[in-house]
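Participant: Pasting a structure here, questions to come.
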Amino acid sequence: MKPINEVRSVLTPLDHKNVDTDQIISKEFLKRIERTGFGKYLFHHWRYNADGSVNEKFVLNDERFKESTILVAHDNFGCGSSREHAPWAILDYGFQVVIAPSFADIFHNNCFKNGILPIRLSVGEVEELLAKGKAAPYALEVNLEQQTVRGEDGKTYSFTIDPYYKQMLLNGWDEISLTFQYEEHIAAYEQQHA
């Protein structure tokens, strides 16, 4: 995984509650076995009309947010089925950070395991960010080491994160990489118990 510490980007304001994993990546796109290539299907049924034309009203189709790496949404983000394809699609599209008041537990854990930083802020803080992001492109600076989100106007929000997941993201480790950090100890144990 790619290490994450500082992420600077305009935010993409996804003004939806209870965004489930089928909305993030619909079931008809789950036939691939690779982790890549899912970004083009992210929010497919919101990005495109039934006839396949682009839905100009959907935020991901707004040119102002094309290079955004920070997604902001309402509470209960990632609810629904536990498909790991949802964080794969988010990451493959280009988002490194997702900010919401709450996340479904399995989705939340899958984000960490796939190199995405999910940040919980209060409902009021998220609504403030969404309002700013919808009014005009609004830049954020996320600092994982300091556990802060700083807006271009200087407003700073603090977040908490489990130290285990923080170290994984800062170092770009998945659980296998983390195990290799103890390879010397594992080898010594195996020698003693052979």
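The values are calculated or read from the model by the stated rules, or taken from the named source; none is laboratory data. Keep in mind that this is a model prediction, so the values were computed, not measured. Ideal geometry is used to build each Cβ from the backbone, glycine not excepted, and the neighbour counts take in all protein chains shown. Ligands, DNA and RNA are stripped out before the accessible areas are found, and what is left, the full protein with its side chains, is counted by its heavy atoms. Shrake-Rupley method; radii C 1.70, N 1.55, O 1.52, S 1.80 Å.
Participant: Distance check, please: which entries in 57/113; 40/66; 40/155; 134/155; 57/132 exceed 22 angstrom between their Cα atoms?
Facilitator: Going by Cα-Cα distance, 57/113; 40/155 fall outside the 22 Å limit.
Participant: With a/c under 1.5 counting as rounded, go ahead and sort segment 1-74 into rounded, prolate or oblate using the C-alpha gyration tensor (a ≥ b ≥ c being the square roots of the eigenvalues; past the cut-off, prolate if a/b is larger than b/c, else oblate).
Facilitator: The shape class here is oblate.
Participant: Over the Cα atoms of the chain, compute the convex hull volume and normalise it per residue, giving Å³. All intermediate terms of the calculation are to be shown ahead of the outcome.
Facilitator: Working: hull volume 24.9 nm³, N = 194.
Hull volume normalised by residue count: 128 Å³.
Participant: P(r) tail for segment 86-194, what percent of Cα pairs lie past 17 Å? If you can, show how the numbers build up before the last one.
Facilitator: On the way: 3639 of 5886 pairs.
In whole percent, the share of Cα-Cα pairs in segment 86-194 beyond 17 Å is 62.
Participant: For segment 1-104, which GluC sites (Glu not before Pro) are in a loop by DSSP, counting at most 11 other Cβ atoms within 10 Å?
Facilitator: 34, 56, 67
Participant: Count neighbours as other Cβ atoms within 10 Å of each site's Cβ, and list the trypsin sites (Lys or Arg not before Pro) in segment 121-187 that are DSSP loop with at most 16 such neighbours.
Facilitator: 155
Participant: Give the cross-link partners of residue 31 among the aspartates and glutamates, using a straight C-alpha distance below 20 Å as the criterion and excluding same-chain residues fewer than 8 apart.
Facilitator: Reachable aspartates and glutamates: 20, 22, 84, 92.
Participant: Further question: Largest first, what is the accessible-area ranking of 138, 93, 164 with a 1.4 Å probe?
Facilitator: Heavy-atom accessible area, descending, gives 164, 93, 138.
Participant: If you don't mind, there's one more thing I want to ask. Roughly what % of DSSP beta bridges within the chain run antiparallel, to the nearest 5?
Facilitator: 50
Participant: A further question on this structure: Who wins for biggest fluctuation among 82, 68, 53 in a Gaussian network model of the chain, springs between alpha carbons below 10 Å?
Facilitator: Of the options given, 53 has the highest mean-square fluctuation.
Participant: Next up: Can you compute 3J(HN,Hα) from phi for each residue in segment 59-66, using the Karplus curve 6.51 cos²θ - 1.76 cosθ + 1.60 with θ = phi - 60°, rounded to whole Hz and x for Gly and Pro?
Facilitator: 4, 5, 8, 8, 3, 5, 10, 4
Participant: Between the helical axis of 123-135 and the dominant principal axis of the chain, each derived from Cα atoms, what acute angle in degrees is found, rounded to the nearest 10?
Facilitator: Once rounded, the angle reads 50 degrees.
Participant: Quote to one decimal, in nm, the extra length available between residue 167 and residue 18 on full extension: 0.36 nm per residue of separation minus the C-alpha distance between them.
Facilitator: On the way: separation 149, 0.36 × 149 = 53.64 nm, distance 2.88 nm.
Residue separation times 0.36 nm, minus the Cα-Cα distance, leaves 50.8 nm.
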